[in-house]
Amino acid sequence: MELLNAKNSTHLLEAQAHVWNHIFQFINSMSLKCAIQLGIPDIIYNHGQPMTLPQLIASLPIHPSKSKFVYRLIRILVHSGFLAQQNVSYESDQIEEGYVLTNASKLLPKDNPMSVRPFLLFVLGPVFTEPCHCLSSWFQNDSPTPFVTAHGISFWDYAAHDPKINNNFNEAMASDAQLISRMMINGKGKEVFEGLETLVDVGGGTGTLAKAIAHTFAQLECIVFDLPHVVAGLQGSMNLKFVGGDMFETIPPANAILLKSTLHDWSDEECVRILKKCKEVISGKGKTAKVIIIDIVIETEKKDYKLIQTQQLFDMEMMVLSTGRERNEKEWTKLFFSAGFRDYKISPILGLRSVIEVYP
């Protein structure tokens with residue numbers, strides 16, 4: 001072994017801290033989940049101004065004996081960037097320290113139309129986290145996914161037979177679609193839908209994104225196409241309807257097919273099958289005939305460490321949950337050309353995700 005000197009000791013201690021930080025990283029997620037379940041973001045949001053610790057404790061649905069522990073939860077939320085400290089001034093010139101929401105935690109109150117709360121609670125639920133404990137076992141068996149290793153069936157079969165999980169999943173996807181629809185309709189993505197007469201949202205769930213598109217483009221006929229148990233009982237509107245089916249068997253014809261966060265659930269072979277089905281049914285002149293994909297395009301150059309880390313974490317989640325993966329541009333290109341498409345355009349306008357237009 002190397003003799004310990006000042007330099008080696010520093011490196012050793014830094015290495016230990018790095019390992020410990022990753023060992024306890026799940027505490028950040030579970031602390032955030034706890035804060036949401038206690039209603040902390042909602043309480044501070046509704047208070048309308050910086051909230052002192054005593055005020056917050058008095059508003060929490062906790063046992064009196066747990067009041068002394070709240071500060072420790074708040075401290076980790078501050079360090080994680082979900083709360084910020086701000087002074088509160090009173091008429092008596094007394095100044096106290098209060099807490100306010102950050103840009104990230106403003107996405108957590110349930111009354112926010114773009115709240116990611118359903119997505120967070122679903123992903124951090126036991127049905128999703130238990131398969132992570134089976135990751136090493138999965139590497140040593142012939143099971144298709146860690147989810148199957150943990151639960152004995154695929155996630156899609158699990159959701160089909162468990163109404164609560166199916167509902168939670170649909171709510172999680174809808175909350176994500178709500179944010180994406182706001183960005184697409186009010187931002188640069190709006191032009192993607194201009195000129196279209198018909199659009200099928202394949203795997204569109206309960207139709208959050210399609211509803212926003214149909215409302216914005218009154219002349220556009222929209223179909224939400226998903227598994228029968230997903231769309232059962234859902235009501236459409238003048239230019240929006242719900243159709244149940246299997247995208248591996250048939251897809252309703254349209255000018256354009258929309259695939260939001262769908263292809264990353266499937267293997268390369270399965271994606272090529274889906275894309276070939278899409279190519280068979282799209283029709284139109286020029287660029288009105290296309291497949292519109294909203295998904296991650298993994299950065300291959302390290303431009304934004306946090307963005308790349310999140311993309312890679314999402315890729316690991318896909319490995320745990322499904323046969324799918326997140327892909328870089330080269331990997332996407334291979335899928336498109338294997339399915340017989342001639343060209344594509346990537347627009348990185350959605351933060352972690354991009355809009356990809358694929359042309360037949």
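Rule-based calculations on the coordinates, nothing more; no lab input. Only a predicted model underlies this, so the values are computations on that prediction, with no experimental measurement involved. Neighbour counts are summed over all protein chains in view; Cβ atoms, including those assigned to glycine, are modelled from backbone coordinates with ideal geometry.
With +1 on each Lys and Arg Cβ and -1 on each Asp and Glu Cβ, how big is the dipole of the range 95-231 about its Cα centre, in debye rounded to the nearest 20?
240
Subtract the Cα-Cα distance of Ser29 and Lys330 from 0.36 nm times their separation in residues, and report this length gain in nm to one decimal.
Stretched out fully, the Ser29 to Lys330 stretch lengthens by 105.1 nm.
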Percent relative contact order for the range 29-140, counting Cα pairs under 8 Å at least six residues apart, stands at 28
Rounded FRET efficiency, nearest 0.05, which uses the C-beta distance separating Val281 from Leu53 and R0 of 41 Å:
0.10
Cα axis of helix 329-338 to longest principal axis of the chain: angle in degrees, 0 to 90, nearest 10?
20
Structure-based [θ]222 nm, the chain - -39500 (n - 2.57) summed over DSSP H runs of at least 4, per residue, nearest 500
-13500 deg cm²/dmol
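With the contact rule set at Cα under 8 Å and sequence spacing of 6 or more, what percent relative contact order holds for the chain?
Averaging sequence separation for qualifying contacts and normalising by length gives 11 percent for the chain.
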Just in the range 36-107: which GluC sites (Glu not before Pro) are loop by DSSP and have at most 12 other Cβ atoms within 10 Å?
Glu91
Go through the range 146-249 and name the GluC sites (Glu not before Pro) that are in a DSSP coil and have 15 or fewer other Cβ atoms within 10 Å of their Cβ.
Glu194, Glu197, Glu249
Simple spin-label estimate for Leu307/Ser143, 7 Å along Cα→Cβ, in nm, reads 3.5
Find, among the GluC sites (Glu not before Pro) in the range 260-360, those assigned to loop by DSSP (not H, G, I, E, B) with at most 13 other beta-carbon atoms within 10 angstrom.
Glu301
Of Thr288, Ser137, Ala58, which is farthest along the charge dipole of the chain in the positive direction, counting Lys and Arg as +1 and Asp and Glu as -1 at C-beta?
Thr288
How high is the relative contact order of the range 257-306, in percent, counting Cα pairs under 8 Å that sit 6 or more residues apart?
54
Answer label, with Rg/Rh (Cα atoms, Kirkwood Rh) calculated from the coordinates and candidates [x] 1.17; [y] 0.98; [z] 1.02:
[z]
Of Lys211/Lys277; Lys110/Lys190; Lys110/Lys290; Lys164/Lys334; Lys33/Lys334, which pairs sit farther than 29 Å apart, going by alpha carbon to alpha carbon?
Lys110/Lys290; Lys164/Lys334; Lys33/Lys334
Square roots of 5 times each gyration tensor eigenvalue, C-alpha, the range 123-227, largest first, Å
35, 14, 13
